[in-house]
Amino acid sequence: MKNYKADLNKINTFIFDFDGVLSDGMVLLTEEGHYLRRTNVKDGYALQLAIKKGYRVVIISGAKAEGMFHRLYNLNIRDIHLGVPNKLEVYNQVKEKYNISDENIIYMGDDIPDYEVMKHAGVAACPADATIEIKEIADYISHKKGGEGCARDIIEQTLKLHKKWMNKDAYNW
């Protein structure tokens, strides 16, 4: 594992997978056939704060559900890519759209569909309960599991390093 802390200085974009990162990876199935996912309000706070502080937040997920979209949109995330069969293709489109390079991006994923993207990102991060293949290529493995604050963990580290975490804008909404 490389020293990811030095690379955090270059970060202006956070890209997250949804299931297993922003959710705990468990899906409840209702009688009507709807899927329900659990997310963490502490992750939500950090995602909103990152946007407020001028960072880009992007979601790239293979899954697609209306509830996922509403949760993300209510957090002021507007760059939402759900139902994505090829995450690397969307990742490259995001880079081109914003004229950013790999070194400006943290990507947090947890499973095989995130593998290729993580190999490109400036900082590849994963939750504590990611698959072994993902942990092997991660620059940072959070001490938090997916859906239990791993997104907040990496956002908080980055914002603290950039001196944007606990200043007046962090708690004045």
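Per-structure values
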| read-out | value |
| --- | --- |
| Relative contact order (%) - criterion: Cα under 8 Å, at least six apart; region: segment 72-173 | 16 |
| Gain in span if fully extended, LEU36 to ASN92, counting 0.36 nm per residue against the direct Cα distance | 17.2 nm |
| Dipole in debye (nearest 20) - the chain, about Cα centre, beta carbon charges: Lys, Arg +1; Asp, Glu -1 | 960 |
| Neighbourhood net charge (12 Å Cβ-Cβ; Lys/Arg +1, Asp/Glu -1) for ALA65 | +1 |
| Sparse-neighbour loop sites [trypsin sites (Lys or Arg not before Pro); segment 123-167; at most 16 other C-beta within 10 Å; DSSP] | LYS163 |
| Flagged links, alpha-carbon separation over 29 Å, of LYS5/LYS64; LYS144/LYS164; LYS97/LYS145 | LYS5/LYS64; LYS97/LYS145 |
| Net charge of Cβ neighbours under 11 Å - reference ASP17; Lys, Arg +1; Asp, Glu -1 | -3 |
| Computed E for VAL27/GLU133 - FRET, C-beta separation, R0 25 angstrom, nearest 0.05 | 0.70 |
| Relative contact order computed over segment 51-98 (Cα-Cα under 8 Å; 6+ residues apart), in percent | 41 |
| Cα centroid separation, segment 38-57 to segment 58-79 (Å) | 12 |
| Contact order relative to length of the chain, as percent, for alpha carbon pairs under 8 angstrom and 6 or more apart | 29 |
| Ranking of THR39, THR30, THR131 by count of other Cβ atoms within 10 Å, fewest first | THR30, THR131, THR39 |
| Of ALA46, ALA128, ALA63, the one that fluctuates the most in a GNM where the chain has Cα springs shorter than 10 Å | ALA63 |
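Read the figures in this text as sums done on the coordinates, not as results from a lab. Everything numeric here is computed off the predicted structure, so don't read it as measured data. Don't worry about glycine lacking a Cβ; one is built from the backbone with ideal geometry, like all the others, and counts go over all protein chains shown.
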